[in-house]
Amino acid sequence: PANSLDLNPIENTWHILKSCLGKHFTSEHHPHSEDELWEVLSKEWEEIDQSTLDRLIDSMPEWLADVIKAQG
């Protein structure tokens with residue numbers, strides 16, 4: 001389905017960023033401002049290896065083939 005995490009590389013990317021945010025913020029420690037949140041997000045985005053993003057994109061044909069094979 002179109003909403004499948006595997007078929008939306010941006011969802012996988014958001015998952016990576018959310019995991020990174022967990023290093024900075026917890027349920028007890030929230031960002032103090034929108035600026036702080038954007039600062040941390042920007043920093044973490046820059047630290048994601050291009051190879052990680054490339055792998056997400058490169059995996060798309062395989063995932064699509066699996067969906068087609070499963071007639072989904």
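The values are calculated or read from the model by the stated rules, or taken from the named source; none is laboratory data. Just so you know, these numbers come straight off a predicted model, no measurement behind them. Glycine also receives a Cβ, built like all others from the backbone with ideal geometry; neighbour counts cover every protein chain displayed.
In the stretch 11-22, the residues that are free of Cβ contacts under 8 Å to residues at least 40 places away in the same chain and under 18 Å from Gln50 (Cβ atoms) form Cβ pairs under 8 Å with partners that are part of a helix (DSSP H, G or I) and among the acidic types (Asp, Glu), at six or more places apart or across chains, as follows: Leu17/Glu44; Cys20/Glu44; Cys20/Glu47.
Filtering the stretch 26-58 to residues that are without any contact (Cβ under 8 Å) to a residue 24 or more places away in the chain, under 20 Å from Leu7 (Cα atoms) and of a type in the set (Ser, Thr, Tyr) leaves only Ser51.
Of all the listed residues (Ser27, Ser19), the sole one being modelled with pLDDT of 90 or more and among the small types (Gly, Ala, Ser) is Ser19.
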